Amino acid sequence: MTPEQYVQDKAAASGSSFYYAFLFLPKPRRAAITAFYAFCREVDDVVDEVSDPGVAATKLAWWRSEVAQSFAGQPHHPVMQALMPHAAAYGIEERQLQQVIEGCQMDLDQTRYLDFPALRRYCHLVAGVVGEGAARIFGQTDSQTTEYAHKLGLALQLTNIIRDVGEDALRGRIYLPVNELQQFDVKAHEILNRVHSERFVALMKFQAGRALGAYDEALALLPAADRRTQKPGLMMASIYRTLLEEIARDDFKVLDQRVSLTPVRKLWLAWRVQALGKL
(Lines give C-alpha, C1' and ligand atoms only; values in the text may rest on other atoms or scores of the structure.)
Protein backbone atom coordinates (compact mmCIF):
# COMPACT_ATOMS: atom_id res chain seq x y z
CA MET A 1 0.00 0.00 0.00
CA THR A 2 1.35 3.42 -0.96
CA PRO A 3 1.41 6.30 1.56
CA GLU A 4 -1.20 8.06 -0.56
CA GLN A 5 -3.54 5.07 -0.39
CA TYR A 6 -2.93 4.75 3.36
CA VAL A 7 -4.04 8.32 4.10
CA GLN A 8 -6.98 8.03 1.70
CA ASP A 9 -8.18 4.92 3.52
CA LYS A 10 -7.60 6.56 6.91
CA ALA A 11 -9.65 9.62 5.97
CA ALA A 12 -12.47 7.63 4.37
CA ALA A 13 -12.68 5.08 7.20
CA SER A 14 -13.17 7.78 9.82
CA GLY A 15 -16.61 8.58 8.41
CA SER A 16 -15.94 12.21 9.27
CA SER A 17 -17.83 15.12 7.79
CA PHE A 18 -14.47 16.56 6.78
CA TYR A 19 -14.18 13.94 4.07
CA TYR A 20 -17.18 15.34 2.21
CA ALA A 21 -15.65 18.81 2.11
CA PHE A 22 -12.44 17.43 0.62
CA LEU A 23 -14.23 15.89 -2.36
CA PHE A 24 -14.65 19.24 -4.13
CA LEU A 25 -10.97 20.28 -4.00
CA PRO A 26 -8.54 20.11 -6.94
CA LYS A 27 -6.45 16.93 -6.81
CA PRO A 28 -3.18 18.41 -5.38
CA ARG A 29 -4.97 20.25 -2.58
CA ARG A 30 -7.17 17.23 -1.91
CA ALA A 31 -4.07 15.06 -1.56
CA ALA A 32 -2.50 17.55 0.86
CA ILE A 33 -5.56 17.98 3.09
CA THR A 34 -6.21 14.23 3.12
CA ALA A 35 -2.68 13.59 4.40
CA PHE A 36 -2.97 16.43 6.93
CA TYR A 37 -6.30 15.12 8.18
CA ALA A 38 -4.94 11.56 8.37
CA PHE A 39 -2.14 12.82 10.62
CA CYS A 40 -4.70 14.42 12.95
CA ARG A 41 -6.68 11.17 13.04
CA GLU A 42 -3.57 9.12 13.83
CA VAL A 43 -2.61 11.14 16.88
CA ASP A 44 -6.21 11.51 18.06
CA ASP A 45 -6.68 7.74 17.82
CA VAL A 46 -3.73 7.27 20.17
CA VAL A 47 -5.73 8.96 22.92
CA ASP A 48 -9.12 7.45 22.09
CA GLU A 49 -8.11 3.87 21.31
CA VAL A 50 -5.16 3.13 23.63
CA SER A 51 -6.52 2.26 27.08
CA ASP A 52 -3.20 2.43 28.95
CA PRO A 53 -2.26 6.12 29.51
CA GLY A 54 1.42 5.21 29.75
CA VAL A 55 1.38 3.46 26.40
CA ALA A 56 -0.55 6.36 24.86
CA ALA A 57 2.01 8.87 26.20
CA THR A 58 4.82 6.79 24.71
CA LYS A 59 3.07 6.73 21.35
CA LEU A 60 2.57 10.50 21.38
CA ALA A 61 6.27 10.93 22.22
CA TRP A 62 7.04 8.76 19.19
CA TRP A 63 4.88 11.01 17.03
CA ARG A 64 6.71 14.11 18.28
CA SER A 65 9.97 12.52 17.20
CA GLU A 66 8.51 11.37 13.89
CA VAL A 67 7.30 14.89 13.07
CA ALA A 68 10.71 16.37 13.88
CA GLN A 69 12.49 13.74 11.77
CA SER A 70 10.05 14.25 8.91
CA PHE A 71 10.74 17.97 8.73
CA ALA A 72 14.44 17.10 8.83
CA GLY A 73 13.90 15.05 5.68
CA GLN A 74 13.42 11.55 7.09
CA PRO A 75 9.73 10.59 7.32
CA HIS A 76 9.07 6.96 8.28
CA HIS A 77 5.33 6.68 8.88
CA PRO A 78 3.17 6.52 5.71
CA VAL A 79 1.14 9.53 6.91
CA MET A 80 4.26 11.69 7.08
CA GLN A 81 5.55 10.25 3.79
CA ALA A 82 2.28 11.35 2.17
CA LEU A 83 2.22 14.75 3.88
CA MET A 84 5.79 16.01 3.53
CA PRO A 85 5.79 16.46 -0.28
CA HIS A 86 3.04 19.07 0.23
CA ALA A 87 4.48 20.88 3.26
CA ALA A 88 6.46 23.57 1.46
CA ALA A 89 3.84 24.25 -1.22
CA TYR A 90 1.03 24.79 1.29
CA GLY A 91 2.87 26.25 4.27
CA ILE A 92 2.43 23.26 6.56
CA GLU A 93 4.70 23.83 9.56
CA GLU A 94 6.26 21.51 12.12
CA ARG A 95 4.89 23.85 14.80
CA GLN A 96 1.33 23.11 13.75
CA LEU A 97 1.73 19.34 13.92
CA GLN A 98 3.49 19.52 17.27
CA GLN A 99 0.69 21.68 18.66
CA VAL A 100 -1.91 19.13 17.57
CA ILE A 101 0.07 16.48 19.46
CA GLU A 102 0.22 18.83 22.46
CA GLY A 103 -3.56 19.08 22.41
CA CYS A 104 -3.89 15.28 22.37
CA GLN A 105 -1.46 15.12 25.29
CA MET A 106 -3.88 17.30 27.25
CA ASP A 107 -6.44 14.49 26.95
CA LEU A 108 -4.01 12.23 28.79
CA ASP A 109 -3.13 14.80 31.43
CA GLN A 110 -6.58 16.06 32.41
CA THR A 111 -10.23 15.09 32.23
CA ARG A 112 -11.77 18.37 33.45
CA TYR A 113 -11.53 22.07 32.53
CA LEU A 114 -12.16 24.62 35.25
CA ASP A 115 -13.45 27.38 32.98
CA PHE A 116 -13.96 28.32 29.36
CA PRO A 117 -10.55 30.00 28.87
CA ALA A 118 -8.91 26.68 29.81
CA LEU A 119 -11.19 24.78 27.44
CA ARG A 120 -10.57 27.33 24.68
CA ARG A 121 -6.81 26.66 24.91
CA TYR A 122 -7.48 22.94 24.34
CA CYS A 123 -9.84 23.70 21.44
CA HIS A 124 -7.21 25.92 19.84
CA LEU A 125 -4.62 23.14 19.84
CA VAL A 126 -6.83 20.31 18.58
CA ALA A 127 -9.03 22.33 16.20
CA GLY A 128 -7.93 25.94 15.75
CA VAL A 129 -4.43 24.95 14.67
CA VAL A 130 -5.92 22.32 12.38
CA GLY A 131 -8.12 25.01 10.85
CA GLU A 132 -5.07 27.21 10.36
CA GLY A 133 -3.25 24.49 8.44
CA ALA A 134 -6.34 23.58 6.44
CA ALA A 135 -6.96 27.20 5.43
CA ARG A 136 -3.47 27.41 3.92
CA ILE A 137 -4.02 24.19 1.99
CA PHE A 138 -7.40 25.41 0.70
CA GLY A 139 -5.76 28.56 -0.69
CA GLN A 140 -5.41 31.41 1.80
CA THR A 141 -4.39 34.81 0.42
CA ASP A 142 -5.33 37.17 3.29
CA SER A 143 -3.65 36.98 6.71
CA GLN A 144 -7.00 37.62 8.45
CA THR A 145 -8.18 34.24 7.20
CA THR A 146 -6.03 32.66 9.92
CA GLU A 147 -8.17 34.38 12.57
CA TYR A 148 -11.29 33.09 10.80
CA ALA A 149 -9.83 29.57 10.76
CA HIS A 150 -9.07 29.67 14.48
CA LYS A 151 -12.60 30.81 15.29
CA LEU A 152 -14.18 28.22 12.98
CA GLY A 153 -12.04 25.53 14.59
CA LEU A 154 -13.38 26.60 17.98
CA ALA A 155 -16.98 26.40 16.72
CA LEU A 156 -16.46 22.93 15.25
CA GLN A 157 -14.77 21.62 18.39
CA LEU A 158 -17.47 23.02 20.66
CA THR A 159 -20.01 21.20 18.48
CA ASN A 160 -17.99 17.99 18.83
CA ILE A 161 -17.95 18.41 22.61
CA ILE A 162 -21.73 18.85 22.72
CA ARG A 163 -22.32 15.86 20.44
CA ASP A 164 -19.92 13.60 22.35
CA VAL A 165 -20.85 14.34 25.98
CA GLY A 166 -22.07 10.79 26.53
CA GLU A 167 -19.17 9.06 24.76
CA ASP A 168 -16.63 11.20 26.58
CA ALA A 169 -18.31 10.40 29.91
CA LEU A 170 -17.69 6.70 29.24
CA ARG A 171 -13.97 7.56 29.13
CA GLY A 172 -14.27 9.56 32.33
CA ARG A 173 -13.90 12.89 30.54
CA ILE A 174 -16.09 15.97 30.92
CA TYR A 175 -15.11 18.86 28.68
CA LEU A 176 -17.93 21.15 29.85
CA PRO A 177 -16.28 23.76 32.12
CA VAL A 178 -16.57 23.00 35.84
CA ASN A 179 -17.71 26.53 36.73
CA GLU A 180 -20.52 26.27 34.17
CA LEU A 181 -21.68 22.93 35.57
CA GLN A 182 -21.87 24.71 38.93
CA GLN A 183 -23.72 27.64 37.36
CA PHE A 184 -26.47 25.31 36.12
CA ASP A 185 -26.32 23.02 39.18
CA VAL A 186 -25.32 19.98 37.12
CA LYS A 187 -23.16 17.52 39.05
CA ALA A 188 -20.28 15.67 37.37
CA HIS A 189 -21.63 12.33 38.58
CA GLU A 190 -24.93 13.05 36.82
CA ILE A 191 -23.13 13.38 33.49
CA LEU A 192 -20.99 10.31 34.16
CA ASN A 193 -24.17 8.38 35.02
CA ARG A 194 -26.02 9.84 32.01
CA VAL A 195 -28.76 11.65 33.94
CA HIS A 196 -30.77 13.78 31.52
CA SER A 197 -32.51 16.61 33.38
CA GLU A 198 -33.93 20.06 32.77
CA ARG A 199 -30.79 21.46 34.39
CA PHE A 200 -28.64 19.52 31.92
CA VAL A 201 -30.71 20.81 28.98
CA ALA A 202 -30.29 24.39 30.22
CA LEU A 203 -26.53 23.84 30.46
CA MET A 204 -26.40 22.44 26.93
CA LYS A 205 -28.48 25.30 25.51
CA PHE A 206 -25.86 27.63 26.97
CA GLN A 207 -23.07 25.59 25.32
CA ALA A 208 -24.91 25.54 21.99
CA GLY A 209 -25.42 29.30 22.11
CA ARG A 210 -21.69 29.80 22.52
CA ALA A 211 -20.95 27.48 19.60
CA LEU A 212 -23.48 29.20 17.34
CA GLY A 213 -21.95 32.54 18.26
CA ALA A 214 -18.51 31.22 17.27
CA TYR A 215 -19.86 30.21 13.84
CA ASP A 216 -21.26 33.72 13.34
CA GLU A 217 -18.00 35.32 14.46
CA ALA A 218 -15.97 33.06 12.15
CA LEU A 219 -18.05 33.93 9.09
CA ALA A 220 -17.77 37.63 9.90
CA LEU A 221 -13.97 37.31 10.04
CA LEU A 222 -13.59 35.59 6.66
CA PRO A 223 -12.23 38.11 4.12
CA ALA A 224 -14.23 38.35 0.91
CA ALA A 225 -11.05 37.69 -1.09
CA ASP A 226 -10.77 34.19 0.40
CA ARG A 227 -14.42 33.21 0.53
CA ARG A 228 -14.21 31.16 -2.67
CA THR A 229 -11.04 29.24 -1.77
CA GLN A 230 -12.25 28.58 1.78
CA LYS A 231 -15.43 26.83 0.64
CA PRO A 232 -14.36 23.50 2.21
CA GLY A 233 -14.32 25.18 5.62
CA LEU A 234 -17.70 26.75 4.91
CA MET A 235 -18.98 23.27 4.03
CA MET A 236 -17.81 22.07 7.43
CA ALA A 237 -19.54 25.03 9.07
CA SER A 238 -22.78 24.15 7.27
CA ILE A 239 -22.63 20.45 8.16
CA TYR A 240 -21.68 20.96 11.80
CA ARG A 241 -24.08 23.83 12.39
CA THR A 242 -26.89 21.70 10.98
CA LEU A 243 -25.80 18.88 13.28
CA LEU A 244 -25.90 21.23 16.26
CA GLU A 245 -29.41 22.35 15.31
CA GLU A 246 -30.50 18.68 15.11
CA ILE A 247 -29.07 18.02 18.58
CA ALA A 248 -30.95 21.02 19.99
CA ARG A 249 -34.15 19.95 18.24
CA ASP A 250 -33.79 16.54 19.91
CA ASP A 251 -33.60 18.21 23.35
CA PHE A 252 -29.87 17.50 23.72
CA LYS A 253 -30.27 13.74 24.21
CA VAL A 254 -26.51 13.29 23.85
CA LEU A 255 -25.85 11.37 27.05
CA ASP A 256 -27.02 8.02 25.73
CA GLN A 257 -26.86 8.43 21.95
CA ARG A 258 -24.73 10.01 19.24
CA VAL A 259 -26.68 12.28 16.93
CA SER A 260 -25.40 12.30 13.35
CA LEU A 261 -26.38 13.33 9.85
CA THR A 262 -26.74 10.82 7.04
CA PRO A 263 -23.98 10.72 4.39
CA VAL A 264 -26.50 11.89 1.78
CA ARG A 265 -27.42 14.91 3.86
CA LYS A 266 -23.76 15.80 4.47
CA LEU A 267 -23.08 15.56 0.75
CA TRP A 268 -26.11 17.74 -0.01
CA LEU A 269 -24.98 20.41 2.48
CA ALA A 270 -21.46 20.36 1.04
CA TRP A 271 -22.75 20.56 -2.54
CA ARG A 272 -25.05 23.47 -1.66
CA VAL A 273 -22.06 25.51 -0.43
CA GLN A 274 -20.00 24.51 -3.45
CA ALA A 275 -22.66 25.24 -6.05
CA LEU A 276 -24.73 28.01 -4.48
CA GLY A 277 -22.41 29.47 -1.85
CA LYS A 278 -25.16 29.00 0.76
CA LEU A 279 -24.68 27.70 4.28
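The values are calculated or read from the model by the stated rules, or taken from the named source; none is laboratory data. Since the structure is predicted, the reported quantities are computational estimates derived from the model, not experimental observations. FYI the Cβ positions are ideal-geometry reconstructions off the backbone, even for glycines, and counts take in every protein chain you see. With ligands, DNA and RNA removed, areas are computed over all heavy atoms of the protein, side chains included. Shrake-Rupley method; radii C 1.70, N 1.55, O 1.52, S 1.80 Å.
What to note about this one:
- Filter result for residue 191 (in a helix (DSSP H, G or I), closer than 17 Å to residue 260 by Cα and open to solvent by less than 10 Å² (accessible area, probe 1.4 Å)): no
- Among the residues listed as 35, 31, 61, the single one being of a type outside the set (Lys, Arg) and open to solvent by less than 20 Å² (accessible area, probe 1.4 Å): 35
- Residue within the range 229-249 that is outside any helix (DSSP H, G or I), surrounded by fewer than 19 Cβ atoms within 10 Å (Cβ to Cβ) and either touching a residue at least 60 places away in the same chain (Cβ under 8 Å) or within 18 Å of the chain's Cα centre (by Cα) (or both) present: yes
Condition check ((1) over 14 Å from the mean Cα position of the chain (by Cα); (2) in contact (Cβ under 8 Å) with a residue 24 or more places away in the chain; (3) open to solvent by 10 Å² or more (accessible area, probe 1.4 Å)) across all residues:
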{"site": "56", "(1), (2), (3)": "yes, yes, no"}
{"site": "68", "(1), (2), (3)": "yes, yes, yes"}
{"site": "79", "(1), (2), (3)": "yes, yes, no"}
{"site": "114", "(1), (2), (3)": "yes, yes, yes"}
{"site": "135", "(1), (2), (3)": "no, yes, no"}
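- Taking the range 11-48 as the range and being part of a helix (DSSP H, G or I), at pLDDT 85 or above and either among the charged types (D, E, K, R) or within 19 Å of residue 263 (Cα to Cα) (or both) as the test, the residues that pass are 27, 29, 30, 34, 37, 41, 42, 44, 45.
- Counting only residues that are open to solvent by 20 Å² or more (accessible area, probe 1.4 Å) and either under 21 Å from residue 127 (Cβ atoms) or touching a residue at least 24 places away in the same chain (Cβ under 8 Å) (or both), the range 17-28 holds 6 of them.
- The number of residues in the range 91-121 that are at pLDDT 95 or above and either touching a Pro at 6+ places or on another chain (Cβ under 8 Å) or hydroxyl-bearing (Ser, Thr, Tyr) (or both) comes to 6.
- Residue check, residue 219 touching a helix residue (DSSP H, G or I) at 6+ places or on another chain (Cβ under 9 Å), under 22 Å from residue 20 (Cα atoms) and hydrophobic (A, V, I, L, M, F, W, C): yes
- Which numbered condition residue 201 misses (of (1) at pLDDT 95 or above; (2) open to solvent by 50 Å² or more (accessible area, probe 1.4 Å)): (2)
- Selected residue (criterion: nearest to residue 236 (Cα to Cα)) from residues of the range 35-46 that are under 14 Å from the mean Cα position of the chain (by Cα) and not charged (D, E, K, R): 37
- Just one of (1) surrounded by 14 or more Cβ atoms within 10 Å (Cβ to Cβ); (2) farther than 23 Å from residue 123 by Cβ; (3) at pLDDT below 90; (4) among the β-branched types (Val, Ile, Thr) fails for residue 259. It is (2).
- The test for being under 14 Å from residue 104 (Cβ atoms) and at pLDDT below 95 does not hold for residue 4.
- Filter result for residue 252 (farther than 30 Å from residue 145 by Cα, among the aromatic types (Phe, Trp, Tyr), open to solvent by less than 40 Å² (accessible area, probe 1.4 Å) and not in a helix (DSSP H, G or I)): yes
- Pick from the range 167-181, criterion open to solvent by 20 Å² or more (accessible area, probe 1.4 Å) and outside any loop (DSSP other than H, G, I, E, B), ranking: farthest from residue 100 (Cα to Cα): 179
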